[in-house]
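The values are calculated or read from the model by the stated rules, or taken from the named source; none is laboratory data. Computed from a predicted structure; not experimentally measured. A quick note on method: Cβ atoms are made from the backbone with ideal geometry, for glycine too, and the neighbour counts reach across all protein chains shown. Just the protein is used for accessible areas: all its heavy atoms, side chains included, with ligands, DNA and RNA removed. Shrake-Rupley method; radii C 1.70, N 1.55, O 1.52, S 1.80 Å.
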Amino acid sequence: MFTYCNNLSVNDYCNLRESVGWPFICDEQARSGLNNSDYIISCVDKGKTVGCARIFWDKGYIAYLADVIVDPEYQGQGIGKKMVQECINYIDSQLKEGWRIKIVIVASKGKEMFYEKLGFKTRPNDNDGPGMDMWRE
Ligand SMILES: CC(C)(COP(=O)(O)OP(=O)(O)OC[C@H]1O[C@@H](n2cnc3c(N)ncnc32)[C@H](O)[C@@H]1OP(=O)(O)O)[C@@H](O)C(=O)NCCC(=O)NCCS
């Protein structure tokens, strides 16, 4: 039985990133990202943090879903789905009368179907081009 929490330490976050081979970010940058997230969810099994996801939202119409990670030893057990659904529920809870909020995710290659099952639209499509990004160093 997994426990879901609304916090995540810098150490656990960096370990999860490392577990799936994502690029290193320094503790200061990791802490800043976590501190400025509007919603964080983590999954814990017997004291070990095995998954995370977070949302930051401009308090207007754009929210960004980021860092959806499940430790490879725990993948395929519904943890990712549960965490993303809770992130969506958080945004739903912020909607006011007449509002609409777009949740954006830049899916890693091969993960598109995971997000489609949760209601996201793959880009490019008939209306939208591909997502684009840029790193600054
Ligand atoms: C992507 C990731 C978060 C999925 O988490 P998970 O806990 O393994 O996924 P779940 O067990 O919750 O799967 C939920 C559903 O998505 C499906 N699914 C999961 N990964 C999938 C994939 N890569 N392609 C297609 N379907 C996938 C599952 O089969 C399941 O389908 P079902 O509801 O019909 O049974 C996890 O594989 C991961 O951490 N990967 C490495 C990091 C990463 O790339 N994160 C995404 C960044 S955008």
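Of these, GLY60, GLY76, GLY131, GLY119, which one is part of a loop (DSSP other than H, G, I, E, B) and closer than 25 Å to MET1 by Cβ? So that I can check it myself, show each step before the final result.
Working: GLY60 fails: closer than 25 Å to MET1 by Cβ; GLY131 fails: closer than 25 Å to MET1 by Cβ; GLY119 fails: closer than 25 Å to MET1 by Cβ.
Step by step, each of GLY60, GLY76, GLY131, GLY119 is checked, and only GLY76 is part of a loop (DSSP other than H, G, I, E, B) and closer than 25 Å to MET1 by Cβ.
Of the residues examined, LYS96 is not one that is open to solvent by 30 Å² or more (accessible area, probe 1.4 Å) and within 16 Å of the ligand (Cβ to nearest atom). I'd like to check something: does the stretch 100-119 contain any residue that is more than 10 Å from the ligand (Cβ to nearest atom), of a type in the set (Asp, Glu) and exposed (fewer than 15 other Cβ atoms within 10 Å of the Cβ)? No, the stretch 100-119 has no match at all.
Output yes when any residue across the stretch 82-89 is assigned to a loop (DSSP other than H, G, I, E, B), open to solvent by less than 90 Å² (accessible area, probe 1.4 Å) and within 23 Å of LYS59 (Cα to Cα), and no when none is.
Here is the first cut: in the stretch 82-89, the residues assigned to a loop (DSSP other than H, G, I, E, B) are none.
No, the stretch 82-89 contains no residue that is assigned to a loop (DSSP other than H, G, I, E, B), open to solvent by less than 90 Å² (accessible area, probe 1.4 Å) and within 23 Å of LYS59 (Cα to Cα).
Residue pairs whose Cβ atoms lie under 6 Å apart, separated by 6 or more positions or on different chains, with the first residue in the stretch 73-92 and over 15 Å from ILE105 (Cα atoms) and the second near the ligand (Cβ under 8 Å from one of its atoms), are ILE79/GLY51; ILE79/VAL70. Scanning the stretch 53-72 for residues that are within 9 Å of the ligand (Cβ to nearest atom), touching a residue at least 40 places away in the same chain (Cβ under 8 Å) and open to solvent by less than 10 Å² (accessible area, probe 1.4 Å) returns LEU65, ILE69.
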